[in-house]
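Encoded as structure tokens, the structure appears first; notes follow it.
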Amino acid sequence: MGARSLLLRCVLCVGCAVILILSESLAAWDWTDTEFLQHAQACAKRGPGVCVVFALREDVKIYSAPNPAAKVVATFPHWDGLLLDPSTNVADWVKVRSFPVGPAEKRINIGWAWVRRSDVALYSDYRKVVRCWPIKTVHLAIGDTVNSYSFELSGGVTETLQSGKITKGHVYLAGSLIAIRDVMQGHPMGFWGRYVASRQTIENGDQADITGDEITAVINFKAEELVGCTNFPLLQRNE
């Protein structure tokens, strides 16, 4: 595992990274490993999960300035992620930057740019699953390691690492974006993906090109275990 892969694992408490689809005409602008880690650490001090935003729909546009008339410098696909600058406050916009991770031939890193607030999910946008979570078990392969996630109908989850470490968490959703948060710490755990409501399953995608993570099995609750459930899942109302 390279230095950048290790850095990505170090900031899983902040969020997780996936590859961007960027304009070929955009000049590359790499971070150093030190710059990346320093920013992630400073951002994480503001609270769990605040450092990363995810696209809520396909082909979200990234602008050179917080103005819809500004140059579109890149797009990124549904549920891909960007590193956030939480110190900048511009109405209806968020300031973001791509993660300096992944195969060099598959990415171009950009400097700070802007996305519409309505196009992305922040940590505060996720709502807690409270009933009728249809997925019972997920197996996630990370290289030669396979971790398992055992879910409850209430959205509770037990993460069991191949090493034997066990962590209790809970499922949160923002649109179709999944976040599993540590019950004790509130931090995101080492799992993410997209909930496909039409098939009641979980998918992952481009991040496998970067981290090597791959969902290898999804097992659903049986119909008799879901008696009384007509909507999947039920979410906690916003307070």
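The numbers here are math on the coordinates, done by the rules we state, and not lab data. Values in this document were obtained by computation on a predicted structure and should not be read as measured data. Using ideal geometry, Cβ is built from the backbone for each residue, glycine included, and neighbour counts are taken over all protein chains shown.
Observations, loosely collected:
- With neighbour counts taken as other beta-carbon atoms within 10 Å, the residues TRP114, TRP93, TRP133 rank, fewest first, as TRP93, TRP114, TRP133.
- Ignoring lysines fewer than eight residues from LYS95 along the same chain, the ones with Cα atoms less than 25 angstrom from its Cα are LYS45, LYS61, LYS71, LYS106.
- Local electrostatic count, ASP182, Cβ distance below 14 Å [Lys/Arg +1, Asp/Glu -1]: +3
- Segment 126-234 - charge dipole about Cα centre, Lys and Arg +1 at Cβ, Asp and Glu -1, debye rounded to 20: 480
- Amide H contacts of VAL130 (H built 1.01 Å from N, under 5 Å, at least 5 apart or other chain): LEU234, LEU235, GLN236
- In this structure, the amide hydrogen of VAL146, modeled 1.01 Å from its nitrogen in the peptide plane, lies closer than 5 angstrom to those of GLN162, counting only residues at least 5 positions away or on a different chain.
- The H on the amide N of ILE135, modeled in the peptide plane, is under 5 Å from the matching H of PHE221, each at least 5 residues off or on a different chain.
- Against the rule of thumb 2.2 N^0.38 Å, how large the Cα Rg of segment 126-234 comes out: 1.02
- Ordering SER150, SER118 from the fewest to the most neighbouring beta carbons within 10 Å gives SER118, SER150.
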